[in-house]
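Participant: Before anything else, here's the structure in question.
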Amino acid sequence: MYDAIIVGARCAGSPTAMLLAQKGYRVLLVDRDTFPSDIMSTH
Ligand SMILES: Cc1cc2nc3c(=O)[nH]c(=O)nc-3n(C[C@H](O)[C@H](O)[C@H](O)COP(=O)(O)OP(=O)(O)OC[C@H]3O[C@@H](n4cnc5c(N)ncnc54)[C@H](O)[C@@H]3O)c2cc1C
């Protein structure tokens, strides 16, 4: 059982999951992609 399920494990989802977990919530972070992977960037 989870307190939060976060879909998307990149720059928005990952820190959200981390912060919730640090507060003691049970968090499931899922992504349809595999990691590490390239992301769209002009850098
Ligand atoms: C071509 C391009 C160039 C860019 N260049 C720059 C740049 O140079 N500098 C910059 O700061 N920003 C850039 N951006 C913007 C930056 O990529 C986004 O602002 C940032 O990635 C948004 O992060 P996010 O975590 O919200 O979403 P995303 O990075 O889009 O991550 C969303 C994740 O959710 C997963 N997901 C989505 N739907 C589902 C589902 N139904 N089930 C499971 N998983 C799912 C995806 O697989 C993905 O991993 C660029 C964007 C594009 C398109």
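The values are calculated or read from the model by the stated rules, or taken from the named source; none is laboratory data. Worth saying up front: this structure is predicted, and the values here are computed from it rather than measured. For neighbour counting, all protein chains shown are included, and Cβ atoms are generated from backbone atoms with ideal geometry for every residue, glycine included. Only protein heavy atoms, including side chains, enter the accessible area calculation; ligands, DNA and RNA are left aside. Shrake-Rupley method; radii C 1.70, N 1.55, O 1.52, S 1.80 Å.
Participant: Among the residues of the stretch 1-16 satisfying the criterion of being more than 11 Å from the ligand (Cβ to nearest atom) and hydrophobic (A, V, I, L, M, F, W, C), which is nearest to residue 37 (Cα to Cα)?
Facilitator: 4
Participant: Looking at residue 25 and the list (1) among the aromatic types (Phe, Trp, Tyr); (2) surrounded by 12 or more Cβ atoms within 10 Å (Cβ to Cβ); (3) within 9 Å of the ligand (Cβ to nearest atom), which single condition is not satisfied?
Facilitator: Just one mismatch for residue 25, condition (3).
Participant: Moving to a separate point now. When you look at residue 19, is it aliphatic (A, V, I, L, M) and either open to solvent by 80 Å² or more (accessible area, probe 1.4 Å) or in a loop (DSSP other than H, G, I, E, B) (or both), yes or no?
Facilitator: yes
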